[in-house]
Amino acid sequence: MKSVWTTNSGYKERLSTESRVNRQFFIQFVNLLLNDATYLLDEALSKLATIHEYQKELQDASMSAEDREKKQSDLEQAEGQCQSWMQLVNETMEMMKLFTETLTDAFTMPEIVSRLASMLNYNLDTIVGSKRGNLKVEDAKKYNFDAKTLLSAFVDIYLNLAQKPAFIEAVAADGRSYKPGNFHEASRILTTKSLKSAEELARWGVLKEKVKEAKDIADKAELDLGDIPEEFEDQLMGILMTDPVILPSKNVVDRTTIVQQLLSNPLDPFTRQPMTIDDVVPDDSLRARVDEWKAERIAAARKSRDGDQMDTTEG
């Protein structure tokens with residue numbers, strides 16, 4: 001007869017295994033959903049920009065009949081493609097609104113949250129940023145496109161995740177597409193077009209400020225740390241590692257980097273040999289050195305700032 005300890009130990013091990021399997025399932029599911037959303041949005045919005053350009057060119061009265069016929073044919077082909085893509089975009093956005101509301105934790109896991117934030121920021125820039133004029137087409141509804149409805153859907157997704165600090169930090173950390181001006185412009189459109197209730201607008205305002213604050217904190221922390229020693233940098237991304245792991249190729253990267261890599265391509269990025277996340281080995285010694293270095297740099301920066309403040313007051 002097995003002892004109680006042995007039975008409990010086996011039960012806990014089984015639960016741990018099931019937890020890992022469930023986590024991996026959700027990571028793969030959300031990753032696939034993000035892949036689909038990113039692809040569809042890129043195809044649909046780029047087709048709208050193409051239609052915009054064709055419609056503008058066809059206004060040229062000096063265009064030859066042959067060129068006009070060719071351009072009209074290209075326009076009609078782009079229109080058909082855009083209609084299909086936008087229909088799928090609208091369905092996918094509804095799905096993402098539902099899932100981000102009901103599966104918040106799954107969308108803010110470390111392996112996913114940065115990709116999601118970047119996707120949202122990039123498309124927010126597309127529909128309210130400086131190049132949004134490229135999406136203006138004649139009879140937009142013909143292509144299943146409504147910029148106000150799409151903006152409202154994106155805002156819903158932001159708000160669904162607004163209570164998660166990891167999401168706020170990821171939005172702020174997106175150096176490519178996060179622009180405070182886009183959030184302010186979205187506020188203006190949401191208000192003037194009456195797209196959101198007063199309560200939703202208030203929550204959006206809070207989100208804007210939280211993201212701005214997170215950006216300011218991240219920028220200050222980066223200044224505090226100064227130059228990162230090469231041994232502490234992720235060999236793929238060039239960022240400071242917080243959870244370094246050793247790959248089968250013996251190269252060292254941050255865990256989040258290799259997890260995201262493996263979602264799309266289950267290979268060691270340095271040797272192209274098959275691998276899974278179970279093949280990595282935590283580099284605990286390196287992580288301890290990174291943590292110690294960070295603590296020393298932040299302490300030194302704080303001491304320097306405190307000294308500057310004392311000098312100012314003594315004058």
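We did not get these values from a lab; they are worked out from the coordinates using the rules stated. Here the structure is a predicted model, which is why all the values come from computation and not from measurement. Cβ placement follows ideal geometry from the backbone for every residue including glycine, while neighbour counts extend to all protein chains displayed.
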Stokes-Einstein diffusion coefficient of region 230-314, Kirkwood radius over Cα pairs, 20 °C, 1.002 mPa s, in µm²/s: 147 µm²/s
May I ask you to list the lysines whose Cα is less than 21 Å away from that of residue 212, ignoring any residue fewer than eight positions away on the same chain? 164, 179, 220
Would you mind ranking 253, 281 so that the residue whose beta carbon has the fewest other beta carbons within 10 Å leads the list? 281, 253
Looking at the calculated P(r) for region 173-315, what percent of the C-alpha pair distances fall above 22 Å? 60 percent
Please find the FRET efficiency linking residue 195 to residue 285, where r is the Cβ-Cβ separation and R0 is fixed at 41 Å, and quote it to the nearest 0.05. 0.20
Could you estimate the translational diffusion coefficient of the chain from the Stokes-Einstein equation, with Rh from the Kirkwood formula over C-alpha pairs, at 37 °C and 0.692 mPa s, in whole µm²/s? 142 µm²/s
Nearest 10 degrees, 0 to 90: what angle lies between the long axis of helix 4-57 and the longest principal axis of the chain (Cα atoms)? 30 degrees
Taking loop as defined by DSSP and a crowding limit of 11 other beta carbons within 10 Å, which trypsin sites (Lys or Arg not before Pro) in region 101-160 fit? 131
Tell me which chymotrypsin sites (Phe, Trp or Tyr not before Pro) from region 170-271 have a DSSP coil assignment and no more than 14 other beta carbons within 10 Å of their own. 270
Sum of -39500 (n - 2.57) over DSSP H runs of 4+, divided by residues of the chain (222 nm, nearest 500): -24500 deg cm²/dmol
Could you work out the Rg to Rh ratio of region 50-141, with Rh taken as the Kirkwood radius (inverse of the mean 1/r over all Cα pairs)? 1.14
What net charge is computed for the residues neighbouring residue 287, neighbours being all others with C-beta under 11 Å from the C-beta of residue 287, Lys and Arg scored +1, Asp and Glu -1? -3
In the structure shown, do any of 71/196; 215/303; 97/208 have a Cα-Cα gap over 31 Å, and if so which? 71/196
Proximal charge balance of residue 125 [Cβ under 14 Å; K/R count +1, D/E count -1]: +1
Taking a cut-off of 17 Å, what percent of all Cα-Cα pairs in region 92-205 are separated by more than that? 55 percent
